[in-house]
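Here the structure comes first, spelled out in C-alpha cells, and everything after it is commentary.
The values are calculated or read from the model by the stated rules, or taken from the named source; none is laboratory data. Note that the structure is predicted; figures quoted are calculated from it, not measured. Cβ placement follows ideal geometry from the backbone for every residue including glycine, while neighbour counts extend to all protein chains displayed. These area figures cover heavy atoms from the full protein model, side chains too; ligands, DNA and RNA do not enter into them. Shrake-Rupley method; radii C 1.70, N 1.55, O 1.52, S 1.80 Å.
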Amino acid sequence: MSTFPGTVPELPGIGIDRFDQPVRDRATLFFLSHCHVDHMQGLPDAAPLPGPLYVSPHTAVIVGLRHPQHTLVPVPVREQLNLTVRSPAGPAYELCVRTVPAEHCPGSVMFYFETKTVRLLYTGDFRLSSASLTAIARYRVRPTIVYLDSTFLDRRYAYFPPRQASMDRIVELCSRWLAHDRRNVVALWPPASYGSEELFCQLADRLHQRIHVYAAQREPYNHFAALDEVFTDDAAGARIHACRGKTLQHERACRAAKPEEKHPDFVMTIRPTARRWCNLRPGEPFWQQGSGNLWYVCYSSHASSTELVEFLRSLQPDVRDIRFSVVADELDRVGKETLLRSLLEPAGNELVPPGEEPQRLHCLPLGAFKAKAKLKQAACKESDSETEDDELHRRPMKMARRTGSD
C-alpha cells in the first residue's frame, strides 16, 4: 500500500498518486500512475482537481467512468510531454515528462520528469519485463532521484516466479478441475478487483470458458475490444467466476439456478497471492492447497527484492537518491535502506571512475512522507486485496499536447 505523500520537493506545483486537499493546495498539474485505490486518495472527492490529470489512455477510461468531475489528459505510453508548471509556491518552470511502462496492471506507467536541474523517476507500482528495461535505456531515462515501489524490498521476498509461470499453473489447476466433473466450477479470488485482466484473458482463451463477473465489474471492460470474448453475464452457465459472491464455504451465490452445484464440494477457489510466499526459492513449488478446495498460487505484480536491485543497477551510475514509496514506519524504512545499501552499493561502487567519490545511497526519512495509514509489519500476512468503488460513469476526455520522440 502506497505511503507516498503526493508531492516532490524538487518539483513544486505537481501532484502524483495522491489528490487530497493538502496536495490540491500545492499543485496545478496532476499525475496518476494506475487505478488502484491506494494511489487515488482524494480523486472521489466531488470537487474537480484544480488542474489537468495526466494518465495513460487505459487509465483514462477507468477514471473517466468513475470520476467524471476531473479533466483528464490521456498520454500514450512512451510519449513525451513539454509542460509549463505554475507553482503556487514559486516561479513557473518548464517540465518534460515521459511515460514509461510499469507492467503492474493494464495502463500502469512510471513518470520520468526532467527540468534544467532535476531528473526524477517516479515508478509507482511496477514489475518490469526485459523488454521494458530495454525501453528505459532506449529512451534515455537517466534519473538521479528515484521514488521506488518498495512493497517487497525485503530479504524474505527475494524471488517470485514469472507471472507467465503463475498463470500457466492457474490454467492447469482450472483445466484439471473442470475436466474432473461437469458440475465443477472455479472461483477466482484475485488480489484486487482490477488488474488481473491478463490472467482472465489467458483462462478464457486457453480453456474456452468465459468468465462471469457482475455488471458493475464488467462496465469498464466494455470499453476494451480485446476483452469482448472474455466475460459473460450468464451466472448459471459460467464455469469460471471472478464475481464477488464468495462465502466462507466457497459457495457461489450467483449459481442459484442449480442448487446441487452450489455445494462446496464442486467449487474450487484459487487465490493468486504474493505476501504469503516468504523465502520462496527458484525451483520450489509456488502453489499450495489450503483447506478444502482452496488453492494458493504465488502471483506478484510487484517486483521482488532481487528484481528491484536489478532495476536500480540498470540506472547506475546516474541514480544517487532513492526514496521509498511504501514504508510502514521508521523501523521499516531504516531496515529497507540498510538492505538496499548492502545489496546495491558494492555493485554501484564498481562503476565509479577512478578519482570520484563512491556512490552513497540516500533515502528520505519517514517524516518526509507523513503517511496517514500505517502498514502492518507482518510481511507474511495473507491479504493483498485492494477494494475499489463500483460506481461508474461516462466522461469526455481531451488528448495531450505532446512532442515527437527524441
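Could the peptides 45-58, 265-278 be put in order, highest first, of the mean number of other beta-carbon atoms found within 10 Å of their residues?
Peptide ranking by packing, descending: 265-278, 45-58.
Above 23 angstrom, tally the Cα pairs of segment 101-189 and express them as a % of all pairs, no decimals.
45 percent
Please label the shape of segment 1-76 as rounded, prolate or oblate, based on the square roots a ≥ b ≥ c of the eigenvalues of the alpha-carbon gyration tensor (a/c under 1.5 means rounded; beyond that, a/b larger than b/c means prolate, else oblate).
Rounded shape, in that the Cα axes give a/c under 1.5.
May I ask what percent, to the nearest 5, of DSSP beta bridges between residues of segment 163-298 are antiparallel?
20 percent
Which value in Å is the Kirkwood Rh of segment 163-298 over different Cα pairs?
Evaluated on segment 163-298, it is 15.3 Å.
Give the separation of the Cα centroids, segment 178-224 to segment 76-124, in Å.
34 Å
Could you compute how much accessible surface Met1 exposes when probed at 1.4 Å, giving the result in Å² to the nearest 10?
That residue has around 110 Å² of solvent-accessible surface.
To the nearest 10 square angstrom, how much accessible area does Val73 have with a 1.4 angstrom probe?
It works out to around 10 Å².
From the protein chains alone at 1.4 Å, what is the descending order of accessible area for Lys336, Lys116, largest first?
Correct descending sequence by accessible area is Lys116, Lys336.
At a 1.4 Å probe radius, which order do Arg127, Arg218, Arg138 fall into by accessible area, largest first?
Arg138, Arg218, Arg127
Excluding ligands and nucleic acids, what accessible area in Å² is computed for Asp154 using a 1.4 Å probe, to the nearest 10?
40 Å²
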